[in-house]
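K.L.:
Would you mind keeping the following structure in view while I ask a few things?
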Amino acid sequence: MIKEIEIICENLNISKKYPIGTTLKKISKEMNIDSKHQILGALVNNKLKELSYQIYKPKTIRFIDYTDADGSLMYIRSLIFVLYKAVYELFPESKLYVRHPISKGIYCTIEKDDVFVTDFEVNRIKKMMQAIIAQDIPFEREEMPTEKAIELFKKHKHYAKIPLFKTRGNVYTSVYRLGEHIDYFYGVLVPSTGYLNTFDLEQFYNGMLLRFPDIKTPEKLPEKIEQKKLFRIFSEHRRWANILKIKNIGDLNSLSGNGEITELIKISEALHEKKVAQIADKIRKKRKSLRLILISGPSSSGKTTFSKRLAIQLKVNGLNPVKLSLDNYFVNRSDNPIDENGDYDFEALEAIDLKLFNQNLLELFEGEEIEIPKFDFVTGERYYDDEKLSIGKKDILIVEGIHGLNPLLTEYIADSAKYKIYVSAITSIAIDDHNLIKTSDNRLIRRIIRDYKYRNYSAANTISRWPSVRSGEEKNIFPFQENADVMFNSALLYELGVLKNYAEPILREVQPNQREYSKAQTLLKFFDYFLPIG
């Protein structure tokens with residue numbers, strides 16, 4: 001008699017017994033999970049698993065589709081594998097590089113004899129991808145000794161993976177197969193290529209743009225947006241990474257292992273300082289008309305640190321930066337807008353008294369003295385305490401906040417009087433040629449450490465709030481980032497090796513019975529790739 005074990009399905013809030021060895025795919029079909037979109041995988045005891053995963057012990061399961069963050073990442077990873085297979089079969093001597101997210105897609109390049117990929121070639125690749133998807137080829141995962149995996153990577157010319165796995169120290173490694181092709185991915189894939197019907201591929205700059213659905217609308221592609229300034233930042237980062245010969249984690253680990261990391265740290269810090277100084281020089285040149293510096297960026301992007309460094313460089317240029325906090329201009333709690341859940345939306349632009357803010361700016365620029373409003377976050381009321389502010393000829397106002405690049409924030413102020421700066425950890429070192437690190441994960445890691453150290457929040461607390469934070473960024477920050485006069489990339493090539501020392505103990509506190517356990521484990525796996533940097 002085959003032993004049966006109990007499975008609790010969170011989607012249906014029921015429990016049912018299944019024979020040992022039953023796959024998640026079979027369970028999802030038998031339970032007839034009610035989902036508007038195709039089931040892609042499942043969280044098993046809060047750890048992400050493929051639908052091919054077999055159960056051998058009692059488990060709690062939550063099936064996910066594309067509208068779940070884990071589900072969309074499974075889809076995108078799988079689509080990249082299909083792209084790799086298509087490129088290799090059409091251009092076997094070429095090499096695919098998955099570069100960075102941009103314009104509602106991922107920018108990819110192909111290294112081949114004639115350097116740039118043409119529109120005709122991109123269309124051939126797209127048709128090959130469609131053919132691979134139509135064949136519904138399964139993605140097969142195999143656990144094997146790491147030494148065997150390294151030999152396979154050599155055979156298939158995945159050279160960037162070799163130093164990564166040599167320094168990682170794991171005895172076993174998971175390798176994915178798609179037909180005769182192999183690859184490694186930071187995370188699990190969907191069951192087969194037939195799940196990947198919604199995508200597009202188009203010629204883009206010197207490469208191509210791989211496009212996929214928005215997480216909220218899995219059945220269609222989002223409208224492409226132009227992000228020329230952001231693309232220039234990525235291109236600049238790539239040039240510097242090539243000069244420093246740090247293209248991926250394997251390269252970084254090699255420097256750490258050889259004791260050569262100090263020079264990279266010094267160069268990275270010097271580059272940051274040079275960039276801040278260049279921005280201060282640009283501001284100095286516009287000093288006759290410029291009165292206001294607006295600094296914006298998403299959570300944990302380094303806005304406050306950047307503001308302090310910029311202030312120093314402005315003083316070097318003979319200017320006196322004066323900070324004005326947007327927090328002082330919150331409307332009274334009774335006037336604060338409400339979000340779709342009935343909660344106060346403190347990140348909405350309407351949460352700021354725009355009329356008073358603009359009026360105070362105009363008064364300051366006219367040489368008048370203003371009384372600065374204050375806001376009591378406990379009572380939710382505005383008050384005044386007789387603090388006054390006026391600015392002189394050498395003074396320049398700095399306003400930092402998420403709405404800094406939204407034209408409505410300072411609509412009474414002439415554009416010639418404003419200098420807008422977008423700050424974020426825009427880039428991140430890649431895992432290898434086909435595995436990106438999400439820049440939002442970089443910022444999440446920064447925020448986990450900051451919240452734990454200074455706000456007494458656990459990693460689980462921060463992770464649970466992160467989707468709401470990201471939603472606010474998509475609504476209030478990212479649509480306006482191209483309005484910036486200049487962008488500052490606060491990411492450092494070496495930083496994740498340093499943050500590993502601080503983040504790992506905090507992430508290990510997240511327990512298996514917490515929803516945030518899956519993300520914590522994903523980040524711990526991610527840090528597993530890095531050698532620590534002291």
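The values are calculated or read from the model by the stated rules, or taken from the named source; none is laboratory data. Since we're looking at a predicted model, the values are computed, not measured. We place every Cβ from the backbone using ideal geometry, glycine too, and count neighbours over all the protein chains shown. Side chains included, ligands, DNA and RNA excluded: accessible areas come from the protein's heavy atoms. Shrake-Rupley method; radii C 1.70, N 1.55, O 1.52, S 1.80 Å.
K.L.:
Do you know which residues across the stretch 294-307 are open to solvent by less than 50 Å² (accessible area, probe 1.4 Å) and part of a helix (DSSP H, G or I)?
P.N.:
Across the stretch 294-307, the qualifying residues are Lys303, Phe306, Ser307.
K.L.:
Please indicate, with yes or no, whether at least one residue in the stretch 181-196 is surrounded by fewer than 15 Cβ atoms within 10 Å (Cβ to Cβ) and not in a loop (DSSP other than H, G, I, E, B). Full working, then the answer.
P.N.:
Pass one, the stretch 181-196, residues surrounded by fewer than 15 Cβ atoms within 10 Å (Cβ to Cβ): none.
No, the stretch 181-196 contains no residue that is surrounded by fewer than 15 Cβ atoms within 10 Å (Cβ to Cβ) and not in a loop (DSSP other than H, G, I, E, B).
K.L.:
Which ones in the stretch 253-268 are open to solvent by 70 Å² or more (accessible area, probe 1.4 Å) and in a helix (DSSP H, G or I)?
P.N.:
Taking the stretch 253-268 and keeping what is open to solvent by 70 Å² or more (accessible area, probe 1.4 Å), we get 258, 260, 262-263, 266.
Listed by number, the residues that qualify are Thr262, Glu263, Lys266.
K.L.:
Restricting attention to the stretch 121-156, report how many residues are under 19 Å from Thr193 (Cβ atoms), over 28 Å from the mean Cα position of the chain (by Cα) and outside any helix (DSSP H, G or I).
P.N.:
Residues flagged as under 19 Å from Thr193 (Cβ atoms), over 28 Å from the mean Cα position of the chain (by Cα) and outside any helix (DSSP H, G or I) within the stretch 121-156 amount to 6.
K.L.:
Another one. State the number of residues belonging to the stretch 269-293 that are touching a residue at least 24 places away in the same chain (Cβ under 8 Å), in a helix (DSSP H, G or I) and open to solvent by 80 Å² or more (accessible area, probe 1.4 Å).
P.N.:
Final tally of qualifying residues: 2.
K.L.:
Just one of (1) within 19 Å of the chain's Cα centre (by Cα); (2) part of a loop (DSSP other than H, G, I, E, B) trips up Tyr422, so point out which.
P.N.:
Tyr422 satisfies all of (1) within 19 Å of the chain's Cα centre (by Cα); (2) part of a loop (DSSP other than H, G, I, E, B) except (2).
K.L.:
Quick one: count up the residues across the stretch 157-180 that are assigned to a loop (DSSP other than H, G, I, E, B) and open to solvent by 70 Å² or more (accessible area, probe 1.4 Å). Before the answer, list the steps.
P.N.:
First pass over the stretch 157-180, keeping only residues assigned to a loop (DSSP other than H, G, I, E, B): 157-160, 169-171, 179-180.
From what is left, the residues that are open to solvent by 70 Å² or more (accessible area, probe 1.4 Å) are 157, 159, 171, 180.
Residues meeting the conditions: 4.
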